[in-house]
Every structure is written in C-alpha cells, then in structure tokens.
Amino acid sequence: MNHTTSAAAPQRAAAPAAGAGRSGFPRRSVLAVLVCWLLVVFDGYDLIVYGTVQGSLISDTGWGLTKATAGTIGSMAFVGMMIGAVFAGRIADTWGRRRTIIGCAVVFSVFTIFCAFAPNAPVFGALRLLAGVGLGGLVPSANALVAELVPEKWRSTIATLMMSGVPIGGSIAALVGIPLIPAFGWPVMFLVAVIALVVVIPLGIRYLPETLAPEAGGRTSGARDAVGFGSLLRAPYFGISLLFAIGTLVTLFAWYGLGTWLPNLMQLAGYNLGSALTFALALNLGAVAGSVLTAWAGTRFGPIPTAIAAAAVAAIGLLVLVTGPPVAVVYFMLVLAGVGTHGTQCLIIAAVASHYPAHLRGTALGWALGVGRIGAVAAPQAGGLLLAAGLGVNSNFLAFAGAAAAAAVLIAAVSIKIKKSTAVGDSNV
C-alpha cells in the first residue's frame, strides 16, 4: 500500500481558492503564513537566547552555576518543548490550529519575560521549562495550519521556508546580544519577548483562521481508531513514524547542542564574547541559508533525498572543526553545519507534513518533534558533562557530528521503507 499519498484525505486548501494566483496559492492565506513565520522567529529567538547568556549566567549571577549545572538548566526548555510538542499537535488536531498556536505563543512569551526577573537558578530553570511548553507546541501547530492553507505542491517548500524563522530568531539573539549584554546585562535578552506579546500575537488573533482537521466534525465511530498517537504506532505507519522520530531526535541533538554550547565553546577555545557570538551568528545564518537552499532542493529532488545530503554535509563540517582549521575555515564549517543541521530538520518536518493524512498531520508532527526533543534535552546536558569530564571542546564537536551522521543513516532508512511500501502498493494494483 502506498500510504504516502493514497492515505491522505482530500485537502480543503489543495485546490486554488477564490482569489488565488496562477500558482494556486490563495492570497488570503499569505498573511496567515507570514504571521506563523513571525511567531516561529520568536520561537527561534527564545530557543537560542539561552546560549547567548549562558556565560553571563555562570560568571555574573552569583548563582553558583558550573558547566554541568548550566547544561542542566539549558535542558529545561527542551523538556518543556517535548511536553508541548507531543500534546499541542494532538490538541491542534482536535480543538483547532488557531487557538493552539495563539495559546502556545502567549505561554512562551510570558514565561520568557519572567526569566528576566528570576532570583535564582531553580526559578530560572522552572520558567524556562514552562516557556518551553509553549515553544514546543508552536511549531507542530503552525506547520499543521500552514499545510492546510497552501496547495499540496507548495506544502514542502512553504514548510521548509517557514522554518527559516528559527535560525533567523537565533541570528537576532546573537546580533542583539553583542551590544546589549555588555551594556545592560543578561536579563534584557529575555525582555525582547515583549515584542511578541504586544505585536505579533495580536496579529495572530487578527489574521489566523480557525481550522479543525477535515474529518473532525464528520468522522464516523468506525473511523475513530484512525485518530491519535495509537494510529501512528501500528500499520501502515509504525516503521515510518519510529524512523521519523529517531531521525528528528539525533538531528535536534546536533542542532540544539550547537545552539546551546557554541558561544561558550568558542570562549573556551580562546575567543572573547563578541567573537564567540559572531561564530553563533555564522551558524544561524548558515541555517537561514539552509532553509532557502533546502526548500529549493527539497522541491527539486524531494525532501528525503535532500535531507540525507544535508545531514551528511553537517557531519563533515563538524568533523573538520576538530582538526583546528584557520578562523576563516571555522566560519565556513559553521555555516555548513547550520545549513545541514537545521536544513535536515526542516526537510523532516516537510516530509512528515506530506506523508500523513490531514486528520493525523498535527499529531504526527507533534510525535516526531516531541520524541525528537529528547535529543534537544540531552544535548545541553551531554555538552556540559563532556566539558566537565575534561574532554575538551572537540568532544562536543565529535558528539554533534556523530548525531548528524546518524541522522543521514536514519533518513536513508525512511527512503528505503517508503520505496518498499510503494513497490508493494504497485504490485497489488
């Protein structure tokens, strides 16, 4: 059975709507997609901002943080993201995308702002966990909404481009951190979330349409077993769902491990804070470029073959860093690492959004990203523990390179499984 396409229910947005251009992209959907993209930008900012202030939290707060405990606090947001991703995707399929997206945006904005006023490390970590619930829930909900609003031929491209908001947000965090942290201290970095709360969220209330999964209102009792996480873990989806989830896990291990530790790693390698943040900027700008390049390549060659290549590029770039190359090469390898790690994640999201039927799309995205957040939780911890064990900066780069290589292998397994299922479906015709 070729469930990649035949299992999908008809999409309400697949056909050109009234007012659509020649591309079939409904003009009324453009503002909604842009608002989702802006929210993803703030999602990315709030994720990466911890990496920009980590050194200040260790040295300036008096909280008694070590590299290992700083890694633990860095993991707290990802624990929240794991919770948010799993449940928000399912809630979005049931209660509607708009309400879930706006709710998640309010949660991550409010608790990020509160982080600026945290009196100690435990409170700060708890606030990061609560912000993470909103951060984790936003991406699968927004991608599920966007997948409903655009024609199927645009779905992979738009999903990939929309995820460019994550590294753009990370780039903004690195850029504003260079002047703001020395001038005003680390708390100001978390107050930037006020902009999302007072500007972007009202735009979401105004422009995001409310949608439910197409089958939500009219599904018969006999079809109820097709809804929810259970349906992802049995035929015909079990193997693919498992591979997508583990592939996301190792990809996020590499991406968020770099995002959390790179500025501190470069400081440990002898660079000052300003230089260390420019390395983080190179990583995130590479990820922005990766979003554009993989959107084109994913449309041209397919998201899964492109993801395999992107993960391999990330692994090679990180391995080169271990050799201690000149500074110019370091910048270039970090750009490649950004292209590869974030590009791989964008392409996995695009592949998941296209592979599952509409009534399971939010659930499937939530499953892949929720399980994947285990990698995001483990990465800050692993980075801190490797440094605390005295294994040096290169141990982190080797760990993240290994994760990127594993992602390439797992996505190749997805490709093989899909080809086998297609061959079986064709033979049964």
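The values are calculated or read from the model by the stated rules, or taken from the named source; none is laboratory data. Computed from a predicted model, the values in this text were never measured in an experiment. Cβ: placed from backbone, ideal geometry, glycine included. Neighbour counts: every protein chain shown. Just so you know, the surface numbers come from the protein's heavy atoms only, side chains and all, with ligands and any DNA or RNA stripped out. Shrake-Rupley method; radii C 1.70, N 1.55, O 1.52, S 1.80 Å.
Numerical summary
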read-out: Residue within region 66-75 that is over 29 Å from Ile178 (Cβ atoms) and open to solvent by 50 Å² or more (accessible area, probe 1.4 Å) present; value: no
read-out: Output for region 110-132, where each listed residue is buried (at least 24 other Cβ atoms within 10 Å of the Cβ) and out of contact with any Pro (no Cβ under 9 Å at 6 or more places or on another chain); value: Phe111, Thr112, Arg128, Ala131, Gly132
read-out: Residue, modelled with the lowest pLDDT, within region 233-259, restricted to residues that are among the β-branched types (Val, Ile, Thr) and open to solvent by less than 10 Å² (accessible area, probe 1.4 Å); value: Ile240
read-out: Tabulated pairs, region 376-387, first without any contact (Cβ under 8 Å) to a residue 40 or more places away in the chain, second open to solvent by less than 30 Å² (accessible area, probe 1.4 Å), C-beta under 7 angstrom, 6+ apart or interchain; value: Leu386/Ser395; Leu386/Asn396
read-out: Test: residue in region 310-321 that is open to solvent by 10 Å² or more (accessible area, probe 1.4 Å), β-branched (Val, Ile, Thr) and under 18 Å from the mean Cα position of the chain (by Cα); value: no
read-out: Test: residue in region 42-57 that is open to solvent by less than 60 Å² (accessible area, probe 1.4 Å), modelled with pLDDT under 85 and hydrophobic (A, V, I, L, M, F, W, C); value: yes
read-out: Candidates Gly298, Gly370, Gly384 - the one that is modelled with pLDDT under 85, more than 24 Å from Met82 (Cα to Cα), of a type outside the set (Phe, Trp, Tyr) and crowded, with 24+ Cβ neighbours inside 10 Å; value: Gly298
read-out: Region 169-185, subset modelled with pLDDT under 85 and open to solvent by 20 Å² or more (accessible area, probe 1.4 Å), residue nearest to Val40 (Cα to Cα); value: Leu175
read-out: Neighbours by Cβ (under 6 Å, 6+ apart or cross-chain): first from region 39-68, within 14 Å of Cys115 (Cβ to Cβ) and outside any helix (DSSP H, G or I); second of a type in the set (Gly, Ala, Ser) and open to solvent by 10 Å² or more (accessible area, probe 1.4 Å); value: Trp63/Ala121
read-out: All positions within region 114-151 that are of a type in the set (Gly, Ala, Ser) and under 17 Å from the mean Cα position of the chain (by Cα); value: Ala131, Gly132, Gly134, Gly136, Gly137, Ser141, Ala142, Ala144, Ala147
read-out: Tally of residues being among the β-branched types (Val, Ile, Thr) and at pLDDT below 85 across region 69-78; value: 2
